Amino acid sequence: MPQITAIKETKKGRLALFVDDEFVFSLDEETFADADLHVEDEVDAWRLEELRRKSDTRKAVDRALDILALRDHAAGELYQKLCRKFDPHSAAAAVARAEELGLLNDESYARRRAAELLRKRKSRREIAADLNAKGVDRDTAAAVLDELFSAPEDGEGDSPELAAAVALIEKSYARKLAEGKRPQVMAALARRGFPHGVIREAVDRFAGEADGGEY
């Protein structure tokens, strides 16, 4: 049976295991202490793999906490990032631990992210694509977007998406409209995900006339 022949502390404070005089992997201090390992202990292959997985999971949890200390993440986004360095099991366990600690809440994350993108004059379609890329599930994203893009309760004022389109024209396309480049502006807004009705109404405010044309 394989035997532990040496245990050496690494520069990073981990414990390197040598089995039959060959390095196999290193363990964090907590996993090592829990395992109660000693030189000359005999260990089965399955036991070594179990220890490796436990240590990798602890490393993944530490990495998850470092990532979340920089900014909020959706659970799916965090999982994708962790999978770049860890196996799926360790990544999933780290995400679960972050959820247990109350550090992940996809609904709150999606609400903040969507509001931020709307302030940047993004269309509903663009925001939905962004949330999907961040790993927010479709049902959560749809609920957040329905809430964000709901019409004003008093029926007055622009809808959020129309207001975003108008602000975008003011910032980026007003000169083109003044030069008579209405079709180009409408096409640009369509590429950014704004629906036809919103585009036409927003452009009409600057063009001074509603031609009802298609783009």
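The values are calculated or read from the model by the stated rules, or taken from the named source; none is laboratory data. These numbers were taken from a predicted model, which means no experiment stands behind them. Note that we place each Cβ from the backbone using ideal geometry, even for glycine, and neighbour counts take in every protein chain shown. We work out accessible area using only protein heavy atoms, side chains counted, and drop any ligands, DNA or RNA first. Shrake-Rupley method; radii C 1.70, N 1.55, O 1.52, S 1.80 Å.
Only one of the numbered conditions (1) open to solvent by 90 Å² or more (accessible area, probe 1.4 Å); (2) within 16 Å of Pro2 (Cα to Cα); (3) part of a helix (DSSP H, G or I) is violated by Arg53, and that is (2). Among the residues of region 1-15, those that are in a loop (DSSP other than H, G, I, E, B) and of a type outside the set (D, E, K, R) comprise Met1, Pro2, Thr10, Gly13.
Quick check: is even one residue across region 141-156 part of a helix (DSSP H, G or I), open to solvent by less than 80 Å² (accessible area, probe 1.4 Å) and not aliphatic (A, V, I, L, M)? Checked against the condition, which is being part of a helix (DSSP H, G or I), open to solvent by less than 80 Å² (accessible area, probe 1.4 Å) and not aliphatic (A, V, I, L, M), region 141-156 yields no hits at all. Considering only residues that are charged (D, E, K, R), under 19 Å from Arg119 (Cα atoms) and without any contact (Cβ under 8 Å) to a residue 60 or more places away in the chain, which ones fall in region 167-207? Within region 167-207, Glu170, Lys171, Arg191 qualify.
Being touching an Asp or Glu at 6+ places or on another chain (Cβ under 8 Å), open to solvent by 50 Å² or more (accessible area, probe 1.4 Å) and charged (D, E, K, R) narrows it down to one residue among Asp21, Asp34, Asp87; which is it?
Numbers: Asp21 fails: touching an Asp or Glu at 6+ places or on another chain (Cβ under 8 Å); Asp34 fails: touching an Asp or Glu at 6+ places or on another chain (Cβ under 8 Å).
When all the criteria are applied, what remains is Asp87.
Residue under question is Leu48, and the condition is that it be touching a strand residue (DSSP E or B) at 6+ places or on another chain (Cβ under 9 Å), modelled with pLDDT under 90, assigned to a loop (DSSP other than H, G, I, E, B) and buried (at least 16 other Cβ atoms within 10 Å of the Cβ); does it hold? Here the answer is no, as Leu48 does not meet what is asked.
To keep it simple, each residue is scored yes or no on (1) out of contact with any Pro (no Cβ under 8 Å at 6 or more places or on another chain); (2) part of a helix (DSSP H, G or I); (3) under 30 Å from Leu168 (Cα atoms); (4) open to solvent by 50 Å² or more (accessible area, probe 1.4 Å).
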site: Lys81; (1), (2), (3), (4): yes, yes, no, yes
site: Ala91; (1), (2), (3), (4): yes, yes, no, no
site: Val95; (1), (2), (3), (4): yes, yes, no, no
site: Arg111; (1), (2), (3), (4): yes, yes, yes, yes
site: Ile127; (1), (2), (3), (4): yes, yes, yes, no
site: Leu131; (1), (2), (3), (4): yes, yes, yes, no
site: Gly135; (1), (2), (3), (4): yes, no, yes, no
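For first residues located in region 19-33 and touching a residue at least 12 places away in the same chain (Cβ under 8 Å), partners that are open to solvent by 70 Å² or more (accessible area, probe 1.4 Å) and part of a strand (DSSP E or B) and lie 6+ apart or on another chain with Cβ distances below 9 Å form the pairs Ser26/Lys8.
In the condition set (1) more than 18 Å from Ser90 (Cβ to Cβ); (2) loosely packed, with under 11 Cβ neighbours inside 10 Å; (3) free of Cβ contacts under 8 Å to residues at least 24 places away in the same chain, Glu42 is compliant with all but (3).
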